[in-house]
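Please treat every number below as a calculation from the coordinates, not as lab data. Note that the structure is predicted; figures quoted are calculated from it, not measured. Reconstructed Cβ throughout: ideal geometry from the backbone, glycine too, with neighbour counts over all protein chains shown.
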């Protein structure tokens, strides 16, 4: 099964999750908003149904699955058809890229971050939200993979693995926050404010920057 197939066939079920888990969703939004820059061209990669882009004021999103992308369009997001490993964006044309639980669905993590580095302007940044493999939610989703249409073909990564892949692409960690630090069964009872770090949360957000260009002064 293609990793995008569930987002074509079960897209309404995926989108309904946000309404059924409103406090988890709001907790995640708070964490992303904490590290998302303001101003400039920001594009969400793997925008899905536009739940994050539309709430965060992001006008553009890249998405390979046509049906779920239609929901994002209905929420006012301009869709660019494509995937994380081959972005339909020019070199050094973006100030920031947002990835929200996209990483577990890509086919090539190294190529994904290489593409991010390619399209970011010098001094631009990636804001990456993910579910760590060794977190409470990550352990749960990994165990229930075969029962879940969306996570069946997902690959989860530890924070250490994600940081190493970012570093390999020339993207340096600036800041990290986390939320959903408690057990999954009580996560939706209240909205949790983000806290610094990446070692306790089931939803971790990293901000990693691309180096500024050095001036080439004549000697």
Of (i) 14.5; (ii) 12.2; (iii) 13.4, which is the value of mean projected area of the Cα convex hull in nm² derived from the coordinates here?
-> (ii)
When ranked by the protection proxy of mean other Cβ atoms within 10 Å per residue, highest first, what sequence do the peptides 44-51, 144-151, 60-67 form?
-> 44-51, 60-67, 144-151
Take each of the peptides 95-103, 132-140, average the number of other beta-carbon atoms within 10 Å over its residues, and list them starting from the highest.
-> 95-103, 132-140
If the chain between residue 155 and residue 55 were fully extended at 0.36 nm per residue, the gain over the current Cα-Cα distance would be 33.3 nm
Sort out for me the Cα centre separation of the range 150-206 from the range 54-127, rounded to whole Å.
-> 18
